[in-house]
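I have placed the structure first, in the form of structure tokens, so that the comments after it can refer back to it.
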Amino acid sequence: MNISTLKPSPTQVWQIAQSHFRTLRADTPFQPRIDAAAKTNEWYNWSGYRAPHSLWDEELEYFAIRSQAALFDISPMTKYRIEGPEAEAFCNRLTLRDVTRLKPGRVHYTAWCDDQGFVLDDGTLFRLSPDRFRLCCQGRHLPWLLDSAIGFTVRIGEETEQVAGLALQGPTSFAVLRDAGFAGIERLKPFDLADFAHESGAVTISRTGFTGDLGYELFVERELALPLWDRLMVAGQLHGIRPIGYAALDRARIEAGLIVANADFTAAQQAVRADRQRLPYEIGLGFMVDADKGHFNGRRAILDARAGKKLRYVLVGLEIEGNIPAEHAIVYHKKNREVGLVSAAIWAPTAKKSVAIASLRRPFGDLILDDLWVEIYAMRELRYERVMKRARIVPRPFIRLERRSATPPADF
Amino acid sequence: MTSSDRTVWDAIVIGGGHNGLICATLLAKGRRNVLLLEANAEMGGAARTEEFFPGFRDSTAHVLNRLHPEVVKALDLEELGLDLLRGASGSTFAPSVVLSKDGAPLTLHGAYGETLTGASAAEQAAWKDLRVQLLRYAGVLKPFLSRRPPEFGSRSPGGLAALGQAALAMKRLGREDMRDFLRVLLMNVHDLLDEQLSDDRLKGLLAFDAVLGSHLGPRSPTSLLGLYYRLAGEIGGAPGAQVVPKGGMGAVIATIRAAAEHAGVALCTGASVAKIVVESGRAVGLALASGEEIHADTIVSAVNPTTTLLTLVGAPLLDTGLVRKVKNIRMKGDVAKLNLALDGVPDFPGVAAQDLHGRLVIAPSPDHVERAFNPAKYGEFSPEPVMEITLPSLTDPSLAPQDGCILSANVQYAPYALKEGWETGKPKFLAAIMAQLEAHAPGIGRLARHAELLTPADIEVRYLMPGGHWHHGELQADQMLFSRPVSGWSGYDTPIERLYLAGAGSHPGGGISGLPGLNAARRILAARAER
Ligand SMILES: Cc1cc2nc3c(=O)[nH]c(=O)nc-3n(C[C@H](O)[C@H](O)[C@H](O)COP(=O)(O)OP(=O)(O)OC[C@H]3O[C@@H](n4cnc5c(N)ncnc54)[C@H](O)[C@@H]3O)c2cc1C
């Protein structure tokens, strides 16, 4: 029993360090096209990348998602490649959901936790083949992934820079892809993925997205990125394709009731204050927890908390009377008892309602559902108008679009 | 215990070191149906006695100085024949002799120097004061170092009791002493000795005892804690006392083994556990290297915590944060073992014949110990190593042939991961040790018929002690108490339900004390009662 044999198995790393931090605001592979489309010049920092907040008109960009086809650069999303004979077992140990039930050619939304069961991040797991996966998320987790891989025969590497990504979302997105020549695209059901020929290589297209609408995500080696953009823009010309920025996407995702790490919950490793960390059941991800699948990180803590009724918060969708977005409003019970906070809110243009995502302190939102109010401070020409609006807990998503899941999708 | 045997055990204890034996015995005395599995052909772990040359036998752990009185009592060891008070030739405790190359030795008699010979009158007086102080302060720490570690945020009666006892002991010190206790607690032993003593030999011995078994030099911060740990031990009710047990360490193990048999523990040697079987987060049994599976309600691992968690359970079944902590447990040993088969009793000039039954220490000054440590920081062995020597065959003639003699030495510093590798390093290190011995016992080289040197790498293989580490994990402030073996899992429980730790890697630590085994057994019996 040599100490070195205690050092667990051959986890190999392709690339430990990414060079992203050397550039303050790195460009994505699509930057020449984005820059050309950027009329408003509103930028924000997405994981170190210069990403557009809006490109030409935030409002119309949103409607491109809902009535045309919107093209959004998701290259800054963190991407990990996970390969090897025990890649499935590793992913199963890392994440909450049962990966043995994720078939090759499928994608699922999942999350992973630290030892205390607090959520480190959520993301999408792509099963590219029986023993190849891609994990996409907001934060960076390579050390965590590598340490979680001890004892597994698996190779893990970050491929954020090497792989470019695009989201193509909206009712005409299918027609765009078909006209771009991706034969067979009509067969993709929601959460399916497949490889399609592109130039000298291939593009991986999945029927996924962050909008609650019909839509696709495309991943391609960075060298083939610009031709892919051009191919879509040309094919999409008659289908109303438009590049968009994050603000429009954010509206769509709130309408779809989807949460964002470090916006709707604080990722465990980011939280400075101990009470800001959240268990999956506290942010609406309890459905992912699979107690029967074997060990996964945080299992014991999560099941203990669940059994001991130690869940402190609950994440809910709210429908709020009136039309003023209740962003970051405090939620009250009976107008006087503070019970939670709104993390995201908009006037939802498609739902035509004021909607919000909020975290409430149990039993509010869990056992006590009535008589909830939000306190909105609306700045009106240098004076706050404070209004109390009634809020009703409603299921998420706030909109349900037939076209999101119809297969084959409707033509335009 | 064949596969057709359908017995389901209440508990299986892995590892027949003294802690495993003690834990198993107490569980059996608590009416559990207990099986103990030991990989080796002999019980006893690093305390077992083995032949290293035809007719010559020795054990790696050779001095008994901390077998806890509660263990002695709970296992009825005295009734079973353990006779701690009668060491060699009817005398009581073994003396410690600090050898000197060119002058008279200095000798601590009784329980850690109740009397001191070979030093000036002034030094004797200074030692008397310091000894009282050291034992008082060690006494404050004693409850911490015997009960299960206090837990943060828990109201467990055991943990609170330990805290309460320590608080009481501190109060009893009085205000001045309490201040001083807190002042010196995390000091290095070198500075403290310089404050109070002047004889280099005496300081050398204390410095050696403070760092023996750890990767520290006397000038390393917190090195004084090691001396407190040593002095928190007692023998026959006398704090600080030591014996070279009659019949050798093997006799101690034989008595503990007899207690286990007496209590009805099923003992099985040559049974190497390869895997702990876990289902839905709970330990349900184990698999032997032979492939055989055995089931049990509770599994107790009295082997190394890293081995237990990373090898027997396996990282895939543990949370990542815990795996990180376990991987970071420092356990690279620095102590080598020398077993010498001699043709006669060596001559240590100036040492009285009856003192040869005691412990002979080569540590001429604290600076010498510190200089011996320096190369170990960089992966090299000490060119002039420090060591403690016993001649066990003087206490138990059966260990050597007639006219033969055994010299047993714990030698420091021999870094586990020697930069040049032990294959070429070992002969060089042996030569350095023999040169040291020759300088203190002229002619010993000619008496030596056979020398067996076990480096930490050899100890790792022979005793299945990762890193060859004395304590199964460094015993320093950051790896003690509620941080032993790792923070968050310090009280013998593990994140695997019904899997417990009971070896030296758990609180309070190593040495032949039996405390990890005793505390673990109490914890397991209490947990069972809660179910
Ligand atoms: C060189 C050296 C000298 C020492 N000298 C002294 C001394 O003089 N006085 C003193 O008090 N202390 C001394 N110690 C410390 C003391 O030996 C240890 O702290 C003590 O042995 C720890 O006891 P334990 O029962 O916890 O573990 P161990 O003694 O290590 O016993 C563990 C047992 O588990 C068995 N085992 C391991 N893995 C498996 C498996 N997979 N399946 C089945 N069985 C397994 C091993 O074979 C071993 O028998 C010394 C240590 C060293 C390294």
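Any read-out appearing in this document is the output of simple, stated calculations on the displayed coordinates, not a laboratory observation. Note that the coordinates shown come from a computational prediction; the quantities given were computed from them, not determined experimentally. Cβ placement follows ideal geometry from the backbone for every residue including glycine, while neighbour counts extend to all protein chains displayed.
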>> Using alpha carbons only, how many angstrom separate the centre of region B:236-312 from the centre of region A:50-90?
In response: 56 Å
>> Please list 3J(HN,Hα) in residue order for region B:278-287, calculated via the Karplus relation 6.51 cos²θ - 1.76 cosθ + 1.60 where θ = phi - 60°; whole Hz, with x for glycine and proline.
In response: 10, 10, 6, x, 10, 6, 10, x, 8, 10
>> Tell me whether region A:78-158 comes out rounded, prolate or oblate; compute the Cα gyration tensor, take square roots of the eigenvalues as a ≥ b ≥ c, and use a/c under 1.5 as the rounded threshold.
In response: rounded
> For A:113, A:91, what ranking results if the residue with the fewest other Cβ atoms within 10 Å of its Cβ goes first?
Replying inline: A:91, A:113
> Taking each residue of B:306-318 in turn, how many C-beta atoms of other protein chains fall within 10 Å of its C-beta, and what is the average?
Replying inline: 5
> What shape does the protein assembly as shown have by the C-alpha gyration tensor, where a ≥ b ≥ c are the square roots of the eigenvalues, rounded means a/c under 1.5, and otherwise prolate means a/b greater than b/c and oblate the rest?
Replying inline: prolate
>> Averaged across A:149-161, how many Cβ atoms of other chains sit within 10 Å of each residue's Cβ atom?
In response: 2
>> Can you return the lysines within cross-link range of residue A:335? Criterion is Cα-Cα under 19 Å, with same-chain partners fewer than 8 residues away left out.
In response: A:389
>> If N is the number of residues in chain B, what value comes out of its Cα radius of gyration divided by 2.2 N^0.38 Å?
In response: 0.93
>> For Cα pairs less than 8 Å apart in space and 6+ apart in sequence, what is the mean separation divided by the residue count of chain B, i.e. the relative contact order in percent?
In response: 23 percent
>> For B:253, A:185, which order do you get if you count the other beta carbons within 10 Å of each Cβ and list the fewest first?
In response: A:185, B:253
> Residue by residue, what Karplus-based ³J(HN,Hα) values in Hz, rounded to whole numbers, does region A:298-305 have, using 6.51, -1.76 and 1.60 with θ = phi - 60° and x for Gly and Pro?
Replying inline: x, 3, 4, 5, 5, 5, 4, 5
>> With the cut-off at 1.5 for a/c, could you classify region B:391-465 from its C-alpha gyration tensor as rounded, prolate or oblate?
In response: oblate
> Can you pull out the trypsin sites (Lys or Arg not before Pro) in region B:308-381 that DSSP calls coil and that have at most 16 other Cβ atoms within 10 Å?
Replying inline: B:330
> Over region A:275-394, what is the relative contact order in whole percent, taking alpha-carbon pairs under 8 Å and six or more residues apart?
Replying inline: 25 percent
> Which residues' amide hydrogens lie under 5 Å from the amide hydrogen of residue B:94, considering only partners 5 or more residues apart or on another chain, with H built in the peptide plane?
Replying inline: B:242, B:243, B:244
> Where Lys and Arg each count +1 and Asp and Glu each count -1, what net charge lies around residue A:265 among other residues with Cβ under 11 Å from its Cβ?
Replying inline: -2
> In peptide A:141-148, what is the residue-averaged number of other protein chain Cβ atoms found within 10 Å of each Cβ?
Replying inline: 3
> For region B:173-197 and region A:282-299, what is the separation of their Cα centres, given in Å?
Replying inline: 51 Å
>> Please give the Cα centre distance for region A:355-377 versus region B:14-66, rounded to the nearest Å.
In response: 62 Å
> Rounded to the nearest whole Å³, what is the per residue volume of the convex hull around the Cα atoms of region A:275-394?
Replying inline: 128 Å³
> Are any of the pairs B:203/B:377; B:142/B:275; B:101/B:203 more than 24 Å apart by Cα-Cα distance, and if so, which?
Replying inline: B:142/B:275
>> Suppose a student asked you for the relative contact order of chain A, using Cα pairs under 8 Å spaced at least 6 residues apart; what percent would you report?
In response: 17 percent
>> To make sure I understand the rule: partners must be aspartates and glutamates, Cα under 15 Å from the Cα of residue A:334, and not fewer than 8 residues away in the same chain. Which ones qualify?
In response: A:370, A:371, A:375
> Which trypsin sites (Lys or Arg not before Pro) in region B:388-497 pass both tests, a DSSP loop state and at most 16 other beta-carbon atoms within 10 Å?
Replying inline: B:419
